[in-house]
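Written out below as structure tokens is the structure these notes cover.
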Amino acid sequence: MSANPQCPQCGLDNTYRDGALWVCADCGNEWSGEADSSTAEAPVVRDSNGNVLAAGDTVVVIKDLKVKGSSIPLKQGTVIRNIRLVEDDAEHIEGHSDKIKGLVLKTQFLRKA
């Protein structure tokens, strides 16, 4: 049994490596040799202090921030509860404050509560 993977397009085993890509000799499909996106690890999201953030955590704003589309600034010490992680982006989270809904914030301005 060969160690070559099956072609994701046609499912046949007649594949070979060409540089960084795998090539199917039967159908001509080329794909990267990395793991599938379903098995790839999600990026680790960290706050300004290096603490790991997870969906549902509570964070605190560490600096006054201007909010685009709103005349109300986000003040230092504002609590953002029940955050959501942005898929494939370790630098942003989504959440709501008491006065402003639908915020997307950079993690460098947050600390875990």
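A few notes on this one:
- Scanning segment 74-113 for residues that are surrounded by fewer than 18 Cβ atoms within 10 Å (Cβ to Cβ) and of a type in the set (A, V, I, L, M, F, W, C) yields VAL79, VAL86, ALA90, ILE100, VAL104, PHE109, ALA113.
- Residues that are assigned to a strand (DSSP E or B), open to solvent by 60 Å² or more (accessible area, probe 1.4 Å) and at pLDDT below 95 do not occur anywhere in segment 60-72.
Residue by residue, here is whether (1) of a type in the set (D, E, K, R); (2) in contact with a Phe, Trp or Tyr (Cβ under 7 Å, 6 or more places away or on another chain); (3) free of Cβ contacts under 8 Å to residues at least 40 places away in the same chain holds:
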{"site": "ASP18", "(1), (2), (3)": "yes, no, yes"}
{"site": "ALA54", "(1), (2), (3)": "no, no, yes"}
{"site": "ILE62", "(1), (2), (3)": "no, yes, no"}
{"site": "LYS68", "(1), (2), (3)": "yes, no, yes"}
{"site": "ILE100", "(1), (2), (3)": "no, no, yes"}
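- The residues of segment 9-48 that are open to solvent by 80 Å² or more (accessible area, probe 1.4 Å), modelled with pLDDT of 80 or more and under 21 Å from the mean Cα position of the chain (by Cα), listed by number, are VAL44, ARG46.
- Yes/no for ALA54 being within 19 Å of the chain's Cα centre (by Cα), at pLDDT below 85 and among the hydrophobic types (A, V, I, L, M, F, W, C): no
- Residue check for GLN108: assigned to a loop (DSSP other than H, G, I, E, B) and not small (Gly, Ala, Ser): no
- The one condition in (1) on the phi > 0 side of the Ramachandran plot; (2) part of a loop (DSSP other than H, G, I, E, B) that ASN82 fails to fulfil: (2)
The values are calculated or read from the model by the stated rules, or taken from the named source; none is laboratory data. What you see is a predicted model; the values in this text were computed from it and never measured. Please note: Cβ atoms are built from the backbone with ideal geometry, for glycine as well, and neighbour counts cover all protein chains shown. SASA here: full protein model, heavy atoms, side chains in, ligands and nucleic acids out. Shrake-Rupley method; radii C 1.70, N 1.55, O 1.52, S 1.80 Å.
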